[in-house]
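Right, one structure below, let's go through it.
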2 protein chains.
Amino acid sequence: MAHIRKGTPEDINALHALICELAEFERALPEVTNTPEQLLKDGFGENPLYGFYVAELEARVVGIALYYYRYSTWKGKVLYLEDIYIQPAHRGQGIGEAFIKVLETHAQTEQCARLQLQVLDWNEPAVRFYEKMGMSIDKEWWNVYKTI
Amino acid sequence: MAHIRKGTPEDINALHALICELAEFERALPEVTNTPEQLLKDGFGENPLYGFYVAELEARVVGIALYYYRYSTWKGKVLYLEDIYIQPAHRGQGIGEAFIKVLETHAQTEQCARLQLQVLDWNEPAVRFYEKMGMSIDKEWWNVYKTI
């Protein structure tokens, strides 16, 4: 079983590589403009913009779970899971469940009202996984955005 | 025309009142468990979890725009508009456009890659407004969450 631990600056290249693998699965690799250098600056500065956990197996990072804090005007502080990815060869071994459990504990420790994430509407295995983990799905909202 | 300015600790009661008005419009007032005390602590501590702008008219707050920073693994730092609300009597006077323009400038100053928000799928006037402001709408994602 892989070991789940907090990500460090030494994990940045592995983090970037797995972000790209996930983007490829999401049919959106050209959308990734972020770089290892920017990830290092954003995750380990004075006010980090995000944090992450890694799943390590035989000294290799085989999965990542990247989070940051959101703010709900209704509920307060929210732990948001931006990316969760496990390499195909290492699925079905409980790493996803282990990540979600670590994040639930993290959310409790940091006094967050919620653990939250988004899922693509066509990603049925992911929808079933989150439902199995006791999460609720809200289909009512659309995302609106503008490139700056 | 209302004056747009940054929110201060003195605006917290007005902020909470307008958050409740918006929740009522969204058919979800009982969902609001946040309080003025918690909003004050979360918005004005050492590492503020959010910030906000107000629209002021004759010394009264008639609109709010509450934001925080998200992190996109693909794009980097994102300015996220959590709540935007203008009291019904003060609509159609350009306050919404003024908020969006101030937030676009804010996003540029803070080197954000995007200004982003969410809209309820049944809120057609809002969808038309954001499209008029040059924003794009992505209907492909569902929200997944768990109460902690």
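Of the conditions (1) open to solvent by less than 40 Å² (accessible area, probe 1.4 Å); (2) closer than 17 Å to B:R70 by Cβ; (3) touching a Phe, Trp or Tyr at 6+ places or on another chain (Cβ under 6 Å), A:E31 clears all except one; give me its number.
The failed condition is (1).
B:Y69: open to solvent by 50 Å² or more (accessible area, probe 1.4 Å), of a type in the set (S, T, Y) and closer than 22 Å to A:W74 by Cβ, yes or no? Steps first, answer last, please.
Details: open to solvent by 50 Å² or more (accessible area, probe 1.4 Å): yes; of a type in the set (S, T, Y): yes; closer than 22 Å to A:W74 by Cβ: yes.
For B:Y69, the condition - open to solvent by 50 Å² or more (accessible area, probe 1.4 Å), of a type in the set (S, T, Y) and closer than 22 Å to A:W74 by Cβ - is met.
I'd like to verify a number: residues in region A:47-66 that are small (G, A, S) and open to solvent by 30 Å² or more (accessible area, probe 1.4 Å), how many?
The qualifying residues number 1.
Take the residues in region B:10-28 that are out of contact with any Phe, Trp or Tyr (no Cβ under 9 Å at 6 or more places or on another chain) and at pLDDT below 95, then tell me which one is least open to solvent (accessible area, probe 1.4 Å). Working first, answer last.
To start, the set of residues in region B:10-28 that are out of contact with any Phe, Trp or Tyr (no Cβ under 9 Å at 6 or more places or on another chain) comprises B:10, B:13-14, B:16-17, B:20, B:24, B:26-27.
Those left that are additionally at pLDDT below 95: B:24, B:26-27.
Values: B:E24: 116, B:E26: 39, B:R27: 178 Å².
By that ranking, first place goes to B:E26.
Could you run through region B:101-114 and say how many residues are touching a Phe, Trp or Tyr at 6+ places or on another chain (Cβ under 8 Å) and of a type in the set (A, V, I, L, M, F, W, C)? Give the derivation first.
Kept after step one, since they are touching a Phe, Trp or Tyr at 6+ places or on another chain (Cβ under 8 Å), are these residues of region B:101-114: B:102-103, B:106, B:110, B:112, B:114.
Going one step further and asking which of them are of a type in the set (A, V, I, L, M, F, W, C), we end up with B:102-103, B:112.
Qualifying residue count for the region: 3.
Checking B:G76 against (1) within 22 Å of B:A126 (Cβ to Cβ); (2) open to solvent by less than 30 Å² (accessible area, probe 1.4 Å), only one condition comes out false. Which one?
(1)
Looking only at region B:95-137, filter to residues that are exposed (fewer than 13 other Cβ atoms within 10 Å of the Cβ) and within 22 Å of B:L57 (Cβ to Cβ); which one of those is nearest to the chain's Cα centre (by Cα)?
B:E97
Looking at B:A107 and the list (1) without any contact (Cβ under 8 Å) to a residue 60 or more places away in the chain; (2) in contact with a helix residue (DSSP H, G or I) (Cβ under 6 Å, 6 or more places away or on another chain), which single condition is not satisfied?
Evaluating B:A107 over (1) without any contact (Cβ under 8 Å) to a residue 60 or more places away in the chain; (2) in contact with a helix residue (DSSP H, G or I) (Cβ under 6 Å, 6 or more places away or on another chain) leaves (2) as the failure.
Identify the single condition in (1) touching a Ser or Thr at 6+ places or on another chain (Cβ under 9 Å); (2) crowded, with 18+ Cβ neighbours inside 10 Å; (3) in contact (Cβ under 8 Å) with a residue 12 or more places away in the chain; (4) within 30 Å of B:L103 (Cα to Cα) that A:F44 does not satisfy, given that it satisfies every other one.
Unmet condition: (2).
A:I4 is checked against (1) open to solvent by 40 Å² or more (accessible area, probe 1.4 Å); (2) out of contact with any His (no Cβ under 8 Å at 6 or more places or on another chain) and fails just one. What number does that condition carry?
Here A:I4 meets the rest and fails (1).
The values are calculated or read from the model by the stated rules, or taken from the named source; none is laboratory data. This is a predicted model, so every value here is computed, not measured. Glycine gets a Cβ as well: all are built from the backbone with ideal geometry, and neighbour counts include every protein chain shown. Only protein heavy atoms, including side chains, enter the accessible area calculation; ligands, DNA and RNA are left aside. Shrake-Rupley method; radii C 1.70, N 1.55, O 1.52, S 1.80 Å.
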